[in-house]
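Quick notes on the structure that follows.
Every number in this text was worked out from the coordinates using simple rules, so none of it is lab data. This structure is a prediction, so every number in the text was calculated from the model and none was measured. In this analysis, Cβ positions are derived from the backbone assuming ideal geometry, glycine residues included, and neighbour counts consider all displayed protein chains.
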Amino acid sequence: MLDEAGFTDISITRKGNSDEIIKGWNIGENSKELIFSGYVRAVKP
Amino acid sequence: MKTFSDTVKRVVREKYASIAVSNNPGGCGCCGGEGNSFVNILAQGEKCGYSQEQLLDELAQANLGLGCGNPISLADLRQGETVLDLGSGAGFDAFLAAQAVGAQGRVIGVDMTCEMVRQAQKNAATLGLGNVEFRQGEIEELPVGDACVDVVISNCVINLSPDKAAVYREIHRVLKPGGRVSISDVMLSGELPDEFRNDIDAYTA
């Protein structure tokens, strides 16, 4: 999606404590299997 | 005819409007519940990567504990830059950005929920910050001109959009050449199960 939008230097990094963040929301037992908290960085050329 | 996207936006807007009102000292305060206590917001903020200094600063009155990371930490903000915060809420990240870019810099916060925009404007006035403004608008169609922003930040907002491709096209449009993106968000690890794909409640769980 970022690539198609024209960005470069794209990085997606999972936060080390992603499971802890997701668990803190109490949205379901398997939520951390479906989603993760992370950072997206990119540059417009 | 209302589309699924329209419904998602309405549900998200209503959810965050109620949060803005319940956290407003002038509001009823009865809807916040245990999840919005100062201790819980502080604990969530530490998990998200904010420093103690940031969480205990007077700016933190704008922290509603709705983020999932600290996009400022990786944004490498510099004095004089123009920053755009997507889904700025009550303004916490925008205010941190305003501190980082200084008086010669500028921060624009965009939020589709008018109650959040009002709360952020109130917070900005209380904090005496003159280099930050808040605009009501949708992140799929930003009320911002072309190529006028140095950095786009966002904290746990783009996941709420039913058209993420449009959001990224808009981010690209408003950024100057060489402009940077620093986003904290939740992302899918794999395919979304069918039972969640059209579940409106899953957007605001």
Checklist outcome for this item: Output ordering of A:2-8, B:56-62, B:167-173, B:105-111 (per-residue mean of other Cβ within 10 Å, highest first) is B:105-111, B:167-173, B:56-62, A:2-8
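Rounded, prolate or oblate: pick one for chain A, where a ≥ b ≥ c are the square roots of the eigenvalues of its C-alpha gyration tensor, a/c under 1.5 means rounded, and failing that, prolate if a/b is larger than b/c, else oblate.
Here chain A falls in the prolate category.
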Item to check | Three-way shape label, the range B:4-186, alpha-carbon gyration tensor, a/c 1.5 | outcome: oblate
Item to check | Straight-distance crosslink candidates among lysines, where the alpha carbon sits under 22 Å from A:Lys15 and sequence neighbours closer than 8 are dropped | outcome: A:Lys23, A:Lys32, B:Lys47, B:Lys164
Item to check | Shape call, the protein assembly as shown: gyration tensor on alpha carbons, a/c limit 1.5 | outcome: rounded
Checklist outcome for this item: Averaged over residues of B:175-182, the number of beta carbons from other chains lying within 10 Å of each residue's Cβ is 5
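Could you work out the helix-only [θ] at 222 nm for the protein assembly as shown, with each DSSP H run of four or more residues adding -39,500 (n - 2.57) and the total divided by the number of residues, to the nearest 500 deg cm²/dmol?
Rounded to the nearest 500, the figure is -10000 deg cm²/dmol.
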